[in-house]
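Right, one structure below, let's go through it.
The values are calculated or read from the model by the stated rules, or taken from the named source; none is laboratory data. As the structure is a prediction and not an experimental result, all values here were calculated from the model. Here the Cβ is made from the backbone with ideal geometry for all residues, glycine too, and neighbour counts use every protein chain on show. To get the accessible areas, we keep the full protein, side chains included, count just its heavy atoms, and leave off ligands, DNA and RNA. Shrake-Rupley method; radii C 1.70, N 1.55, O 1.52, S 1.80 Å.
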Amino acid sequence: MTEERAPARECTDASIIRGSGIGEQAQAHGRYEIECIGADGNLKWRDVVDNVVATVGKNLMLDSALAGAAYTVVGPYMGLISSTSYSAVAAADTMASHAGWLEAGGTNAPTYSGNRKTAVWAAATAGAKALSAALSFGITSTGTVKGAFLCFGSGALATKDNTGGVLWSAGTFATGDKAVVNGDTLNCNYSSSL
């Protein structure tokens, strides 16, 4: 009988992985919350728009907040996006050039009374800024609303279909297009966070 023996060995291995620093990332996000109240006073629908914050809007915000120059806000003004000729909302959109969508209210249905609505803000809290009250659009024709947008800055006007100013955000409804008729009221809230 032969005896077999194997040499015994022991092996130990350890490693430590640690982060090299503290990191934080800020991204601009916005959300419209819109409800439609019929002429009879009843809620017809409610939806949200998680929007694209346009690159030009981010640039203006960064330049204004971090450059240290004096800045007086013009607007912001909220408008509606029509379903007419709609194809897309893009981060590269500007007020002067947004080939994928048209503004509702003036030339494109549905129309609404008055100008674009002027946003009035509550104080920022917890990294977010929201409207102090909903903006109301009194619908004056039949049509389909696709979403909403906000513009501000030098050249921005409350006038419908004006292409001046800087596009802050634009987006479409989460659950699809929304039909409206004369006598409906759209109540629109908006908040943005970093």
Reported set for the stretch 97-121 where residues are open to solvent by 40 Å² or more (accessible area, probe 1.4 Å), small (Gly, Ala, Ser) and touching a Leu at 6+ places or on another chain (Cβ under 9 Å) is none
Selection status of GLY100, at positive phi and assigned to a loop (DSSP other than H, G, I, E, B): no
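Hey, can you tell me all the residues within the stretch 178-187 that are crowded, with 21+ Cβ neighbours inside 10 Å and either in contact with a Pro (Cβ under 7 Å, 6 or more places away or on another chain) or not basic (Lys, Arg) (or both)? Working first, answer last.
As a first pass, look at the stretch 178-187 and keep what is crowded, with 21+ Cβ neighbours inside 10 Å: 178, 180, 184, 186.
Matches in the stretch 178-187: VAL180, ASP184, LEU186.
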Contact list, first residue from the stretch 80-101 and among the acidic types (Asp, Glu), second anywhere and part of a loop (DSSP other than H, G, I, E, B), beta-carbon distance below 8 Å, six or more apart or interchain, is ASP93/ALA54; ASP93/GLY100; ASP93/TRP101
Would you point out which residue out of THR144, THR140 is polar (S, T, N, Q) and touching an Asp or Glu at 6+ places or on another chain (Cβ under 6 Å)? THR144
Filter the stretch 55-81 down to the residues that are out of contact with any Lys or Arg (no Cβ under 6 Å at 6 or more places or on another chain) and closer than 15 Å to ASN162 by Cβ, then identify the one that is surrounded by the most Cβ atoms within 10 Å (Cβ to Cβ). LEU80
